[in-house]
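Taking it in order: structure first as structure tokens, then the write-up.
The numbers here are math on the coordinates, done by the rules we state, and not lab data. Model, not experiment: these values are computed from the prediction. Cβ placement follows ideal geometry from the backbone for every residue including glycine, while neighbour counts extend to all protein chains displayed.
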Amino acid sequence: MIVLVNGLDSTKEHMYTSSHWQELAERGISCLMLDQPGTGEALRLQEIPARIDAEAWAAVAVDYLENRSDVDSSRIGIVGWSLGGYYAPRAAAFEKRFALVVAWGANHNWGAVQRRRREREGERPVPHYWEHVLWVWGRDDLDGFFDFADDIHLNGVVEEITVPFLIAHGENDRQIPLDYAHQSYEQAVNSPKRELRVFTPDEGATEHIGLDHLPHVSTFVADWVADIFAEPQRFVA
């Protein structure tokens with residue numbers, strides 16, 4: 001079972017249209033797609049903003065899955081794309097029931113990216129960008145938001161990951177620096193099986209989360225997950 005979480009402005013329906021769930025299903029793996037706090041129905045219908053401690057809502061997802069008779073609780077992993085590349089590693093670092101984690105886009109220091117975005121692109125990187133960011137995180141002051149956002153990072157966090165950890169990142173990702181993928185990999189010293197997969201311009205999938213060749217990344221991630229789940233007892237930290 002994979003818990004699939006989205007990013008800053010995507011939804012579970014968006015994840016569904018990616019067909020990643022189908023790649024997993026073809027390998028005998030089910031998928032729970034979430035609108036976690038700050039996204040989709042959680043934000044729009046229930047007014048639940050995003051939170052830094054992603055392990056809090058991730059634990060609720062695991063609780064739900066453990067109460068299902070059709071789920072093997074020893075084989076529950078978490079995969080997150082874009083800002084989910086922060087949420088998923090954070091969740092797996094502190095929610096120890098996850099058996100693996102994938103950062104589909106290494107969002108190692110999202111707060112620092114936001115500071116640079118404002119310095120480089122100003123008040124309107126895209127229409128309503130900052131208004132959307134404040135809404136997602138439940139904040140009402142942009143200047144104060146940056147001090148809050150400084151805590152949205154994985155320094156001192158990925159060291160707590162004790163399960164297999166895949167980082168999939170595009171070499172030409174213009175939203176999240178490739179260096180962040182290397183930082184996550186280098187700091188994940190307690191993962192029993194860590195892997196960094198960088199997608200190059202020659203093969204495609206080199207932009208943010210591989211949107212220029214998304215099925216290529218999806219297939220790679222699904223294969224990696226299936227390989228880990230095939231022999232879960234090999235990777236005990």
If all Cα-Cα distances of the chain are sorted into 5 Å bins from 0 onward, what percent lands in each bin, rounded to whole numbers?
-> 1, 7, 15, 20, 21, 18, 11, 5, 2, 1, 0
Hey, rough spin-label estimate for D179 and D140, points 7 angstrom out along Cα→Cβ, what's it come to in nanometres?
-> 3.7
What order, most packed first, do the peptides 60-67, 137-144, 85-92, 176-183 have when packing is the mean number of other Cβ atoms within 10 Å of each residue?
-> 85-92, 176-183, 60-67, 137-144
Cβ-defined net charge surrounding D151, 12 Å radius [Lys, Arg +1; Asp, Glu -1] | -1
What number, in percent, do you get for the relative contact order of the chain if the mean sequence gap of Cα pairs under 8 Å and at least 6 apart is divided by its residue count?
-> 19
Lys and Arg at +1, Asp and Glu at -1: neighbours of V136 with Cβ under 11 Å from its Cβ sum to +1
State, to one decimal in nm, how far the label point of D70 lies from the label point of T200, with both points 7 Å from Cα in the Cβ direction.
-> 4.2
For every other residue with a beta carbon closer than 15 angstrom to the beta carbon of L196, add +1 if it is Lys or Arg and -1 if Asp or Glu, then tell me the sum.
-> -2
Binned Cα-Cα distance frequencies in region 133-226 - 5 Å width, integer % = 3, 13, 18, 16, 18, 16, 11, 5, 1
